[in-house]
Amino acid sequence: MKVLRANTAGFCMGVGLALKRLDRALQEQRKPIATLGPIIHNPQVLAEYAKKGVRRIARAEEATRGACVIIRAHGIPRTEEARLVERGAQLVDATCPRVKAAQLAIARATRQEQCLLLFGEADHPEVRGLLSYACAERYVFGSLDECKTLPLAPAGRYVLAAQTTQDIRQFVAIQAYLEQRLAGGLPSLQTICDATEKRQSEALEIAARVDCMVVVGGRDSGNTRRLAELAAGTGIPALHVENEKGLDAAFFRGKLFAGLTAGASTPKSLIDAVEFFLESL
Ligand code: SF4
């Protein structure tokens, strides 16, 4: 089987930087080292770091005094960061520079009590972090349909923003809808990361040229799930797997060309292994 692999498959800048910071802390033998939540959404990478002694804590209250706590690429809520400082943890901020820019843009744009309208997944850690930077009321919604149900005052003051990994096409549709609905105008923050947009566009280009698509990445990774949805939406058979063990040769019977892409938190070694499997068919 021939494989068309996306150039954009794998670690984005933010994930690469976050892991470099964690690696540096390990090299400097800073102990104990913990991440607040998973540093990235990839179970295989997390298992490797667990073996190296990196602890994962779920709440700031679990941090011990003097512990080195890495703030993950998705960022964390402001209150959580303040609690870590209060507890005497040494923070290493590995928040992706683009997520940090989105957090600060939200804080600036809402400081005069504007209400934040955030297009994103309510239970995603990045979204919880972004919401914490809003200075006034805030709503989060995951689709245009959900946005239509929000109780918005036509003359109210609102600011629109998105989780960095959201689909730009849906964001533009939401923006157009809200601009019509709100008489008071609608400033929009451009918080969607172009790494996501490029990855999504390349996936669609590839899907148009192959018989099937394979998307590699953690089940918990929002951007990987969206890539898989996009690929499936083109009408060709599409598979989302975490590694080559999730592949079944029967799925590829009768197919000649497979497209291959991966989420922003998928290591190269896992993509290589999937490519190797597909080429061996
Ligand atoms: S997808 Fe973009 S915003 Fe998200 S971590 Fe990667 S570089 Fe940062």
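In nm, give the distance between the simple-model label positions of T149 and S269, each being 7 Å from the Cα along the Cα-to-Cβ direction.
Between T149 and S269, the simple spin-label model gives 4.4 nm.
Please report how far the C-alpha centroid of segment 61-129 lies from that of segment 227-263, rounded to the nearest whole angstrom.
After rounding, the separation between the Cα centres reads 34 Å.
Length gain on complete extension for the stretch L17 to D194, per 0.36 nm per residue less the alpha carbon to alpha carbon distance? Please list the in-between numbers first.
On the way: separation 177, 0.36 × 177 = 63.72 nm, distance 1.65 nm.
Taking L17 through D194 to full extension adds about 62.1 nm, to one decimal.
Taking θ = phi - 60°, what integer Hz values does the Karplus form 6.51 cos²θ - 1.76 cosθ + 1.60 yield along segment 236-241, in sequence order, with x for Gly and Pro?
Couplings: 8, x, 9, 10, 10, 10 Hz.
Two decimals, Cα atoms only, Kirkwood Rh: what is Rg/Rh over segment 13-95?
Numbers: Rg = 11.5 Å, Rh = 12.4 Å.
Ratio of gyration radius to Kirkwood radius: 0.92.
Quick check on packing: order 114-120, 260-266 by the mean number of other C-beta atoms within 10 Å, highest mean leading. Mind showing how you got there, number by number?
Details: 114-120: 22.7, 260-266: 28.4.
Highest-to-lowest ranking by the protection proxy: 260-266, 114-120.
Using just the alpha carbons, could you tell me how many Å³ per residue the convex hull of segment 98-181 encloses?
Numbers: hull volume 7.0 nm³, N = 84.
Normalising the Cα hull of segment 98-181 by residue number yields 83 Å³.
How many Lys pairs in the chain lie less than 18 angstrom apart by Cα atoms, where the lysines are 8 or more positions apart or on different chains?
For the chain, qualifying lysine pairs total 10.
Would you mind calculating the gained length between R209 and E179 on full extension (0.36 nm times residue separation, minus the Cα-Cα distance), in nm to one decimal?
Details: separation 30, 0.36 × 30 = 10.80 nm, distance 3.63 nm.
The span from R209 to E179 would gain 7.2 nm if fully extended.
Step through the residues of segment 259-265 one at a time and calculate ³J(HN,Hα) from phi using the Karplus curve (6.51 cos²θ - 1.76 cosθ + 1.60, θ = phi - 60°), rounding each to whole Hz and writing x for Gly and Pro.
x, 9, 9, 7, x, 5, 10
Can you compute the helix-only [θ] at 222 nm over the chain? Use -39500 (n - 2.57) per DSSP H run of at least 4 residues, normalise by all residues, nearest 500 deg cm²/dmol. Intermediate results must be reported in sequence, preceding the final value.
On the way: 10 runs with 111 residues, N = 281.
Result for the chain: -12000 deg cm²/dmol, rounded to the nearest 500.
The chain: Rg/Rh from Cα coordinates, Kirkwood Rh?
Numbers: Rg = 20.3 Å, Rh = 20.1 Å.
My calculation of the ratio gives 1.01.
In what sequence do C135, C193 fall when counting other Cβ within 10 Å, fewest first? Kindly include the intermediate steps, with their values, before the conclusion.
On the way: C135 16, C193 25.
Exposure proxy ranking, most exposed first: C135, C193.
Under a point-charge model restricted to the Cβ atoms of Lys and Arg (+1) and Asp and Glu (-1), what is the dipole moment magnitude of the chain relative to its Cα centre, in debye to the nearest 20? Each step should come with its number before you reach the end.
Details: 37 positive and 31 negative charges, 143 e Å.
Dipole of the chain, to the nearest 20 debye: 680 debye.
Show the residues, 5+ positions off or on another chain, whose built amide H is closer than 5 Å to the amide H of G259.
L4, D211, C212, M213, V214
Values quoted throughout were computed directly from the atomic coordinates according to the rules given, and no laboratory measurement underlies them. In this text, all values refer to a predicted model and were calculated from it rather than measured experimentally. Backbone-built Cβ (ideal geometry, glycine too); neighbour counts: all protein chains shown.
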